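Accompanying notes for the structure given below.
Throughout, read-outs are computed from the coordinates displayed, never taken from laboratory work. The structure presented is a predicted model; accordingly, all values stated were derived computationally and were not measured. Virtual Cβ from ideal backbone geometry, glycine too; neighbours counted across all protein chains shown.
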Amino acid sequence: MPAQKGDQIRIEYEGFLDDGRIFDSTEQHGFPLKLTLGANVYLEAFEVALIGMNVGEEKVIRISPQEAYGEYLPERVETIDRKTLPNRSKLEEGTLIILTSSDGKETPAKVIDLTETEVTLDFNHPLAGIPLNFRLTLLEIIQ
C-alpha cells in the first residue's frame, strides 16, 4: 500500500544542488529520517512528493525556490553598527550568527562583510533563491 497523508514513514534522502553538491542527507546525520506525512514539519513539496510512494521506491524531485526557502531578497541584507553586536571581536566573513530580539526571537544571519565600524549581514536563508533536488527512498511505512 502506498504512503498516504497521515502515515508515519522512514526515509533516506540526499539533497543536492544543480551542480551536484550535496547540502544535506540522511547519511550525514547517520540515520534515516522519520516523519509523519502532512505534518508540515518539512518543506511541503518534499512531503507531498512522498505521498503515493511504495516501500523500496526511489524518486528524484526538484523543488523551486518559491516552494523551498523563497527567492533571494537583496533587501534582507543590512549594514549595522558593529558596536550593537555581542562578541564583535569574534566576527569573521562567512560566519553564521544568531541575533536575539528584545522579545526573545532568534534570527540567523550570515556575516558577508565587515569593517572596523560596520557589519553587513545577510538575513536570507542560505538556500534562498536556489532550486533544490532530492533523491528520496521510502524505507518503511510504520504501522
Exercise for review: Could you point to the residue in 142, 36, 11 farthest towards the positive end of the chain's charge dipole, with +1 and -1 charges on the Cβ of Lys/Arg and Asp/Glu respectively?
Suggested key: 142
**Study point:** At most 10 other Cβ within 10 Å, DSSP loop - GluC sites (Glu not before Pro), region 80-112
**Key:** 92
Check your understanding: Which whole-number percent is the relative contact order of the chain (Cα, under 8 Å, 6+ apart)?
Key -> 36 percent
Revision key, fill the gap. Residues whose modelled amide H sits under 5 Å from the amide H of residue 99, counting only those 5 or more places away in sequence or on another chain, are 107, 109
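State, as an integer percentage, the relative contact order of region 74-122 based on alpha-carbon contacts under 8 Å between residues 6 or more apart.
After rounding, I find 43 percent.
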**Study point:** With 5 Å bins from 0: P(r) over the chain, alpha-carbon pairs, percent
**Key:** 2, 9, 15, 16, 15, 12, 11, 9, 6, 3, 1, 0, 0
Revision key, fill the gap. Taking only the alpha carbons of region 74-122, the radius of gyration and the largest Cα-Cα distance, Dmax, both in angstrom, are 10.3, 29
Review point. To the nearest 20 debye, what charge dipole does the chain have about its Cα centre, counting +1 at the Cβ of each Lys and Arg and -1 at the Cβ of each Asp and Glu?
Key: 320 debye
Review point. Can you list the aspartates and glutamates whose alpha carbon is less than 13 Å from that of residue 59, not counting same-chain residues fewer than 8 positions off?
Key: 12, 14, 47
Exercise for review: Provide the net charge surrounding residue 77, with neighbours chosen by a C-beta distance below 11 Å and charges set as Lys +1, Arg +1, Asp -1, Glu -1.
Suggested key: -2
